[in-house]
1. Each residue of segment 211-218 in order: what ³J(HN,Hα) in whole Hz does its phi give by Karplus 6.51 cos²θ - 1.76 cosθ + 1.60, θ = phi - 60°, with x for Gly and Pro?
2. Tell me the label-point distance for the pair Ser190, Glu289, using the 7 Å Cα-to-Cβ offset, in nm and rounded to one decimal.
3. Would you mind checking which residues have amide H under 5 Å from Asp329's amide H? H placed 1.01 Å from N; only 5 or more apart, or other chain.
4. Solvent-accessible area of Lys130, probe 1.4 Å, all protein chains present, reported in Å² to the nearest ten, please.
5. Roughly what would the spin-label model give for Glu219 and Leu367, points 7 Å off Cα along C-beta, in nm?
6. Taking 7 Å along the Cα-to-C-beta vector as the label spot, tell me the Glu358-Arg332 distance in nanometres, rounded to one decimal.
7. Suppose accessible area is computed on protein heavy atoms with a 1.4 Å probe; arrange Tyr238, Tyr151 from highest to lowest.
8. If you count only protein heavy atoms and use a 1.4 Å probe, how large is the accessible surface of Cys316, to the nearest 10 Å²?
Amino acid sequence: QALWFRALLSCFSVSLVSGLLANQQFFSRKSTPALCSLGAAEFQNADGARRLIIENDFAIFMNQCSIQSFLFLMVSLRDVDTAIWLEKNFTKPMLRECRKDKRGKEKVLENMQAAFDRATQDGSKDEEIKLLSYHGLSAINSTLFPSWNSYFEALLEKQDFTMVFNSTANGGIEYEVDITPSSLCSRLISVREQIAREFARDLDRIIDISSSFIDDYYEFKANRQGNDHYRTNLLFLYLPMDGEPQPSPLRKGNFDLLMLFTLQESIHRVLNSAEDDVDLMLLRNVYFEKRDSHFVGSVDYGRADDFLVRLLESPCSVQLQDEEVEIVDPLRVVKLVLQTQATVALELIEVALETPNEHLELKRRQLQRLLQIDK
């Protein structure tokens, strides 16, 4: 049967390949784009093999979501001066160029901007808190803060001080604001613990979403009307289950980024594990084609769904290798990515649940700082 199938392929290879070349619906091993340093990094193992990694790991990603939520809370409470200092003078985020959402701003971004406008309606603040309008991965400066706890340790080491601000709305009147970094650290740790609890629940939901994604997509495709895009059902974000605590202010945005983070991590694991797999060449090419628009910088909502749909709807592309014709199975690739995403989510649940214990040392140091106890 294998010989018969190879003979059949050879009969149609000339016309098939020429047609695919005309429509550019093929993927070649030689067409892999160069790696980009934004949003994904490449490092070399001891055996000389190169591996893809995410620039900010999961713990640092939790820092980013915690800082963004904390900034939103401070702006909502009209503590804009402290928020400006925390972002501009201390965090110094590495933000990629924001891409405009062609489908319009999401409601959560509108709410953040409205809160900032209300807090600065007197026109006294000329500076923008950029993290409040950034929806993407790898925003934390990993050069300044190479590990998750280095951010909090640096915040604890800072002494209390008074910062002078200038109010442009009142003729340039200067005023002073007391900044207490140790207090900010304590409040930020509390936010991070809430984010970790939410992530533990949301990662469990991502496992369920991964297991049903293909069936849900085909059901949507069979029943859809018009040109609607497939989206994962996120009704649970708006209707929390009984007994669940109140969500953090940026719950929807954090969940969307969590979906994107676990998807990118799963893609990296699949590509790092089997570079010679023919089917995975489809994944490699689609990933590098869509990485800058789906995983780098400030992105639109639902990019994780968009990428999987793009991969699922890819043609059964012809792979040209050693003058042989091979067929690629997009469905197999998507299933492998989704299975890996479920595994990644399961591992990260343990990390999220362990977060309060990891904060104990920071809380001890903070207590020493408040009580002025020497180490």
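1. Taking θ as phi minus 60°, the curve returns 6, 10, 4, 5, 5, 5, 5, 5 Hz for segment 211-218.
2. Between Ser190 and Glu289, the simple spin-label model gives 4.9 nm.
3. When sequence neighbours closer than 5 places are left aside, there are no close amide H contacts.
4. 120 Å²
5. 5.0 nm
6. 3.7 nm
7. The residues order as Tyr238, Tyr151, largest area first.
8. Surface accessible to solvent at Cys316 totals approximately 90 Å².
The values are calculated or read from the model by the stated rules, or taken from the named source; none is laboratory data. All values reported here derive from a predicted model rather than from experimental measurement. Note: ideal-geometry Cβ built from the backbone for every residue, glycine included; neighbour counts use all protein chains shown. The protein model used for the area step is the full one, side chains on, heavy atoms only, and it has no ligands, DNA or RNA in it. Shrake-Rupley method; radii C 1.70, N 1.55, O 1.52, S 1.80 Å.
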